[in-house]
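Visitor: Let me give you the structure first, and then I'll get to my questions.
We did not get these values from a lab; they are worked out from the coordinates using the rules stated. The structure displayed is predicted, hence computed values, not measured ones. Neighbour counts run over all protein chains shown; Cβ positions are idealised from the backbone, glycine included.
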Amino acid sequence: MYKLFLILILFLTLNAKEITYRFAPLPTKNIEQNIKEFLPIHVYMKEKYGINIKYVKLKNYKDILNGFKNNTIDIAYLGPLPFVTLYNEYKQIEPILMIKQKNGNAKYRCVLAKFKVDNIDFSKKIKVALTQPLSTCGYYMSSILLKKKFNKDLKDEYYNYEMSHTKALISVVEGRYDMAGAKEDIAKKFDSLGVEIIAYSDYLPGFSIVVNKNTISKKQIRKLQKIFLNFTDEELKKIGGIVSRGIVKTSVDDYKSLNIKMKIPQKGNINEE
């Protein structure tokens with residue numbers, strides 16, 4: 001009888017249904033590198049909890065937002081502007097975990113940066129390199145910083161989307177633009193190439209794991225959140241990858257300071273040959 005019981009338990013264990021979540025990583029850099037950052041926690045969750053991740057590779061934020069709305073994405077890793085933009089249209093999403101940055105902070109800043117030796121003539125139209133339309137440090141924060149620091153309206157200047165923070169900063173080094181909008185930590189990497197930061201935003205809520213309440217039950221969401229929040233910092237470091245920096249709990253309330261009222265152009269106003 002005992003042997004039969006053990007066989008039954010083994011059978012149930014081997015045939016337990018594996019939970020699969022469709023996950024969209026950031027589209028702002030090399031997708032393979034992004035998946036590599038999440039791979040350690042993916043492997044750990046699959047081995048310990050039977051939770052599998054199916055990666056959904058999308059090219060831009062708009063595709064991720066649409067994926068949530070048409071229920072083809074269960075979980076995504078989003079910055080503050082894409083989250084708020086989607087939440088304003090689709091209330092069935094919820095941020096549950098905020099991933100700490102490499103400096104140990106969950107929050108981050110956007111900046112404007114230029115080539116150190118360049119003297120920008122603000123009496124004329126300037127050229128600004130931006131990331132993606134739905135990148136927080138793109139048109140949204142760059143326009144705020146440009147107005148606050150230099151009393152210039154971005155809509156009246158020349159601007160274009162380079163589709164990544166790195167490409168925007170490189171365009172400044174190449175002399176194609178007067179300045180670029182980017183994340184502070186990425187801009188600082190270009191210091192040795194002669195790039196300097198000339199304006200800083202306030203600290204913004206960081207990048208978060210966002211779930212689709214229309215495809216994941218409340219019970220599953222709370223379970224996921226509990227699993228991650230029960231990890232110690234030492235355990236997260238041991239697991240490695242993006243979670244090695246640490247995780248904090250988050251909610252919609254953390255994003256209320258981002259009041260998105262401006263209309264963000266989806267294309268630049270420069271035609272580069």
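Visitor: Please report, to two decimal places, log10 I(q)/I(0) for the chain at q = 0.09, 0.11, 0.13, 0.14 Å⁻¹ as given by the Debye formula with identical point scatterers on the Cα atoms and no solvent.
Guide: After summing over all Cα pairs, the log10 values are -0.47, -0.66, -0.88, -1.00.
Visitor: Search the structure for amide H atoms under 5 Å from the amide H of GLY246, placed 1.01 Å from N in the peptide plane, and list their residues when 5 or more places away or on another chain.
Guide: Amide H neighbours of GLY246: LYS100.
Visitor: State which entries of LYS114/LYS147; LYS107/LYS188; LYS48/LYS69; LYS59/LYS223; LYS149/LYS183; LYS36/LYS219 exceed 19 angstrom in Cα-Cα distance in the structure shown.
Guide: From LYS114/LYS147; LYS107/LYS188; LYS48/LYS69; LYS59/LYS223; LYS149/LYS183; LYS36/LYS219, over 19 Å: LYS48/LYS69; LYS59/LYS223; LYS36/LYS219.
Visitor: So, in nm, how far is label LYS107 from label LYS148 when the simple model puts each one 7 Å beyond its Cα toward the Cβ?
Guide: Between LYS107 and LYS148, the label points sit 1.2 nm apart.
Visitor: Still on this structure, I have one more. Quick check: residue separation of SER123 and GLN33 times 0.36 nm, minus the Cα distance between them. What number comes out in nm?
Guide: Numbers: separation 90, 0.36 × 90 = 32.40 nm, distance 4.16 nm.
The SER123-GLN33 span can extend by a further 28.2 nm.
Visitor: How much length is gained if the chain between THR72 and ASN259 is pulled fully straight, taking 0.36 nm per residue apart and subtracting their Cα-Cα distance, in nm to one decimal?
Guide: Between THR72 and ASN259, full extension yields an extra 64.6 nm.
Visitor: Please report how far the C-alpha centroid of the range 242-258 lies from that of the range 36-53, rounded to the nearest whole angstrom.
Guide: One Cα centre to the other: 20 Å.
Visitor: Something else: In nm, give the distance between the simple-model label positions of LYS189 and GLU18, each being 7 Å from the Cα along the Cα-to-Cβ direction.
Guide: That separation, rounded to one decimal, is 3.2 nm.
Visitor: Give me a comma-separated list of calculated 3J(HN,Hα) values for the range 46-53, in order, Karplus coefficients 6.51, -1.76, 1.60 applied at θ = phi - 60°, integers in Hz, x for any Gly or Pro.
Guide: Listing the rounded values in order: 5, 5, 8, 10, x, 9, 9, 10 Hz.
Visitor: With a Förster radius of 41 Å, plug the Cβ-Cβ distance of LYS57 and GLU196 into 1/(1 + (r/R0)^6) and report the FRET value to the nearest 0.05.
Guide: 0.70
Visitor: Which net charge results for the neighbourhood of THR136, defined as the other residues with beta-carbon distances under 14 angstrom from its beta-carbon, given Lys and Arg at +1 and Asp and Glu at -1?
Guide: Surrounding charge for THR136 is -1.
Visitor: While we're here: Set the Förster distance to 25 Å, then compute FRET efficiency between LYS219 and ILE239 from the Cβ-Cβ distance, nearest 0.05.
Guide: Computed FRET efficiency for LYS219 and ILE239 comes out at 0.55.
Visitor: For a footprinting-style exposure proxy, rank PHE207, PHE228 by other Cβ within 10 Å, fewest first.
Guide: PHE228, PHE207
Visitor: Note the full-extension length gain between LYS46 and TYR90 as 0.36 nm times their separation in residues minus their Cα-Cα distance, in nm to one decimal. All intermediate terms of the calculation are to be shown ahead of the outcome.
Guide: On the way: separation 44, 0.36 × 44 = 15.84 nm, distance 2.94 nm.
Working it through step by step, the gained length comes to 12.9 nm.
Visitor: For the range 110-200, what class follows from the C-alpha gyration tensor (a ≥ b ≥ c being the square roots of its eigenvalues): rounded when a/c is under 1.5, otherwise prolate if a/b is larger than b/c, else oblate? Spell out each step's value before the answer.
Guide: Details: a/c = 1.42, a/b = 1.11, b/c = 1.28.
Verdict is rounded for the range 110-200.
Visitor: Pick from MET45, MET98, MET179 the residue whose mean-square fluctuation is largest in a GNM of the chain, springs joining Cα atoms under 10 Å.
Guide: MET45
Visitor: How large is ³J(HN,Hα) for each residue in the range 156-161, as worked out from phi by the Karplus curve 6.51 cos²θ - 1.76 cosθ + 1.60 (θ = phi - 60°), to whole Hz, x for Gly and Pro?
Guide: Per-residue couplings from phi come out as 9, 9, 8, 8, 8, 8 Hz.
Visitor: Additional query: What percent antiparallel are the DSSP beta bridges of the chain, to the nearest 5?
Guide: Close to 65 percent.
Visitor: What residues qualify as long-range amide H neighbours of GLY268, i.e. H under 5 Å apart, gap of 5 or more or another chain, H built at 1.01 Å from N?
Guide: Under 5 Å from the amide H of GLY268 lie the amide H atoms of TYR161, each far enough along the sequence or on another chain.
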